[in-house]
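Notes for the one structure printed next.
The values are calculated or read from the model by the stated rules, or taken from the named source; none is laboratory data. In this text, all values refer to a predicted model and were calculated from it rather than measured experimentally. Virtual Cβ from ideal backbone geometry, glycine too; neighbours counted across all protein chains shown. Side chains are part of the model used for accessible areas, which takes the heavy atoms of the whole protein and leaves out ligands, DNA and RNA. Shrake-Rupley method; radii C 1.70, N 1.55, O 1.52, S 1.80 Å.
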Amino acid sequence: MKGKQGYKPGKIIMKKHSSRHKKRMLALQVGGLAALGLVILRIANIQHAMGHELLTAAAKVQDVSKVELAPRGEILDSAGQPIAYDVPAYMMDIKISDFSNKKALAQNLSKILNLPYSQIYPLIAQKYDWIQWNQPILATAKDAIEKLYGNGKHATDFSFTATEKRFYPFGSFAAATVGYVGPNGQGVMGIEAEENKLLEGTPGKIVYKQDALGFPLPGTVHTLVAPKPGDSVELTINPVIQGFVDHVMKNLNAKLHPEHATMIVMDPWNGQILAMSNQPDFNPNHYWTATSNALDQNWGVSAAFEPGSTFKLFVLTAALATHSINLNQTYMSGKITIDGRTIHDWNYWGWGRISFLKALEYSSNVGFAKIAMRVGWSNLMHYLRLFGLTQPTGIDLPDEGDSILFPPSQEGKIELATTGFGQGIAVTPIQLVDGVSAIANGGTLYRPYVVQKIISPQGKVIKTIEPHVVRRDIAPASVLATVRHGMILDVSQGIDNAAYIKGYEIAGKTGTAQVVNPKTGKFYSSRFITSFVGFAPGWAPKVVIYCAVDWPKLPVNDTWGSTTATPAVRQVMKDLMNYYGIAPRTATSAQTSMLTHPAQKTVYIQNLPSLIGDSVQEAQKVAHGLAGSLVVNGNGSTILRQWPLAGSSVQASQPIYVWTSTGRTQEKMPSIRGLTLTPLLQLLHDFGLHPIISGSGFVVGSSIAAGQPVYPGEQVHVSLQAPTLS
């Protein structure tokens with residue numbers, strides 16, 4: 001939470017890397033020279049290469065047997081298109097001691113292998129007899145080398161052994177999910193590691209004769225035991241959706257330069273992961289050029305960090321399911337003191353006495369601290385377990401992280417209050433998107449998964465992975481419907497309106513959480529993890545999307561979930577609605593649809609009727625019937641314009657503004673305090689006023705007070721302020 005708080009910060013930054021992570025990074029560091037230069041020094045008797053014994057033994061021939069790796073199985077996307085497969089390649093040995101002009105050799109190899117000269121020459125220039133390329137080279141590169149050197153004095157200074165090379169035709173496409181294959185032929189990260197046993201098949205054995213320098217003698221290589229090719233795996237990753245997500249995330253990375261970022265798209269009706277993208281990403285064809293941040297872990301699966309206000313969705317569900325609150329109940333916002341420690345709302349003074357429903361729309365920490373206190377530890381932990389937030393999801397990807405919650409010995413009042421708004425605890429992105437999917441689909445928790453089919457080398461489907469239900473009926477359907485509606489209101493009328501897409505009832509919630517410095521135990525002053533989780537369309541969720549951004553490089557006052565993660569999700573939402581052919585819903589009827597939610601008394605109007613053409617008396621009757629008020633501008637008798645517009649979804653008690661004159665006349669400044677940007681602009685536009693906006697979030701002040709005379713074309717300065725923890 002930005003701003004000073006009166007309670008001790010949590011001790012959570014994010015989950016530390018597992019031992020598997022550390023081993024992976026150690027291996028990459030130890031092999032750094034080899035990986036960067038693509039060459040390693042062969043280990044057999046190099047110290048004797050220039051000695052008398054070796055010259056004497058040069059005529060000796062040795063029989064050698066060697067493991068032959070099997071052709072690795074393919075990795076396919078959900079459309080059956082290969083996104084990782086083996087291609088014919090060769091291991092290459094070079095007798096560099098025979099080259100007097102090593103600069104020319106390095107230049108030639110640089111051109112053929114498309115590698116920097118600066119990486120090749122320092123290793124070729126060393127005083128050794130020969131080296132072996134640590135990465136297989138493609139047949140085209142082998143042919144080019146043989147064409148250049150095969151007919152001259154260096155014809156015998158190159159030796160090639162047939163093998164396979166892993167190829168990723170779409171480069172960084174879903175790189176962290178797919179993973180890569182290391183120089184030892186073993187899968188690293190992602191599916192390459194998780195399904196390595198299936199993919200690698202059964203290795204064979206080759207025998208050959210080699211000279212004393214270790215070179216295989218031409219024509220002596222024979223297969224003793226034939227390798228058995230590996231099985232292929234087909235993923236749930238949709239190539240079109242992954243393409244949308246990768247594109248948006250690359251733009252996010254270029255704009256915000258985060259330490260890490262992730263976006264996950266999940267089908268809430270079966271647990272399938274349709275897309276997963278991390279930044280920074282990498283090209284698995286050239287993984288050795290990637291940063292440690294990219295290769296360290298699949299951030300969307302492995303990292304655990306404070307979720308911020310996205311966690312409020314689970315707390316609200318627990319409160320409604322246990323009848324701990326009614327959304328129509330009110331409380332005094334602004335601040336609350338618990339055990340001598342004070343928690344403030346983002347604007348410190350709050351919004352006065354507001355309902356618990358508004359606590360979600362305004363992202364009130366005080367409200368959710370109060371809600372959590374009413375729920376209690378026992379009920380809260382029960383529902384966190386139901387939502388799968390107390391243990392790993394079991395996704396079929398390696399190195400999954402786990403949540404970090406307060407142990408029973410630390411379940412105090414202040415800890416309960418801060419847990420209520422997602423601080424002091426940590427969850428992983430995959431846990432959070434899985435839990436929200438259960439809200440979206442009406443209460444079924446699925447195990448998220450990436451592999452949907454296992455296919456034999458002959459193309460036969462060996463196994464089909466079906467959706468796995470972890471738990472059903474997490475909460476009453478009416479409760480989850482209320483939470484979904486609250487998320488829709490949060491986007492359409494609340495603080496998260498940056499995700500709004502007309503006609504789709506986008507449901508969502510942002511999160512902005514500070515990060516704890518592990519060295520000091522205190523919050524960084526300018527480092528935040530921002531996020532947004534949502535689904536669309538609201539009436540029948542097709543996808544759930546979660547995006548988190550670790551340390552976006554923006555000014556502190558501009559670092560919010562709404563300015564970083566939300567725009568990225570909104571763009572993908574728009575793309576997906578078009579991709580799935582889902583048309584927006586528009587107001588086709590002037591009839592009012594009254595919707596009362598089970599856990600609240602507050603009534604909302606769906607599809608606000610059109611008042612245009614009605615008389616003032618008729619409009620007043622309609623407003624009275626909706627338990628609202630009518631604010632009339634002008635001296636005419638017929639309604640010519642109205643705000644909110646027909647078809648809007650509004651709270652029944654909200655004022656309806658109408659105009660009865662075509663000419664602009666003196667009017668009174670409407671009350672705008674607490675509005676978000678979209679309704680603010682619509683309202684002021686209808687009054688003919690020109691707003692000058694500063695800040696973002698809710699309206700907290702204006703240069704013209706409500707009720708003061710205003711004229712068309714007049715400027716009004718409006719100040720908005722976003723919450724500290726949204």
Check whether at least one residue in region 181-192 is farther than 17 Å from residue 69 by Cβ, touching a Gly at 6+ places or on another chain (Cβ under 6 Å) and in a loop (DSSP other than H, G, I, E, B), and report yes or no. yes
For region 506-541, enumerate the residues that are surrounded by fewer than 20 Cβ atoms within 10 Å (Cβ to Cβ) and in contact with a helix residue (DSSP H, G or I) (Cβ under 7 Å, 6 or more places away or on another chain). 526
How many residues, within region 316-327, are surrounded by 24 or more Cβ atoms within 10 Å (Cβ to Cβ) and either under 28 Å from the mean Cα position of the chain (by Cα) or among the β-branched types (Val, Ile, Thr) (or both)? 4
Can you tell me which residue among 504, 449, 500 is touching an Asp or Glu at 6+ places or on another chain (Cβ under 6 Å) and among the aromatic types (Phe, Trp, Tyr)? 449
Can you tell me which condition residue 287 does not meet? The list is (1) of a type outside the set (S, T, N, Q); (2) under 13 Å from residue 174 (Cα atoms); (3) part of a helix (DSSP H, G or I), and all the others hold. (2)
Going through region 143-157 in order, the residues found to be surrounded by 17 or more Cβ atoms within 10 Å (Cβ to Cβ) and at pLDDT below 90 are 157
Just wondering, is there one or more residues in region 123-146 that are over 41 Å from the mean Cα position of the chain (by Cα), closer than 21 Å to residue 86 by Cα and of a type in the set (A, V, I, L, M)? yes
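Sort out which residues of region 543-584 are among the hydrophobic types (A, V, I, L, M, F, W, C) and open to solvent by 60 Å² or more (accessible area, probe 1.4 Å), and write them in order of number.
Hits for region 543-584 are 551, 583.
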Region 295-334, residues that are hydrophobic (A, V, I, L, M, F, W, C) and without any contact (Cβ under 8 Å) to a residue 40 or more places away in the chain: 332
State the number of residues belonging to region 328-356 that are surrounded by 14 or more Cβ atoms within 10 Å (Cβ to Cβ), farther than 19 Å from residue 511 by Cβ and modelled with pLDDT under 90. 3
Select from region 638-654 the residues that are over 17 Å from residue 490 (Cβ atoms) and among the hydrophobic types (A, V, I, L, M, F, W, C) and write down the one among them that is modelled with the lowest pLDDT. 652
Could you go through region 454-473 and let me know if any residue there is more than 26 Å from residue 381 (Cβ to Cβ) and open to solvent by less than 10 Å² (accessible area, probe 1.4 Å). no
So which residues in region 104-125 are open to solvent by 50 Å² or more (accessible area, probe 1.4 Å), closer than 21 Å to residue 143 by Cβ and modelled with pLDDT under 85, if there are any at all? 114
Taking region 220-277 as the search range and keeping residues that are open to solvent by 40 Å² or more (accessible area, probe 1.4 Å) and of a type in the set (Gly, Ala, Ser), which one is modelled with the highest pLDDT? 254
What residue, of 143, 157, is in contact (Cβ under 8 Å) with a residue 12 or more places away in the chain, more than 30 Å from residue 237 (Cα to Cα) and of a type in the set (D, E, K, R)? 157
Can you confirm whether region 426-437 contains a residue that is over 19 Å from the mean Cα position of the chain (by Cα), open to solvent by less than 10 Å² (accessible area, probe 1.4 Å) and among the small types (Gly, Ala, Ser)? no
So which residues in region 380-423 are of a type outside the set (Asp, Glu), assigned to a helix (DSSP H, G or I) and crowded, with 17+ Cβ neighbours inside 10 Å? 380, 381, 383, 384, 386, 414, 416, 417, 418, 419, 420
Residue 503 passes all but one of (1) at pLDDT below 95; (2) of a type in the set (Gly, Ala, Ser); (3) crowded, with 24+ Cβ neighbours inside 10 Å; which number fails? (3)
Looking at region 492-538, which of its residues are in contact with a Ser or Thr (Cβ under 9 Å, 6 or more places away or on another chain) and of a type in the set (A, V, I, L, M, F, W, C)? 495, 498, 499, 506, 513, 528, 529, 532, 533, 535
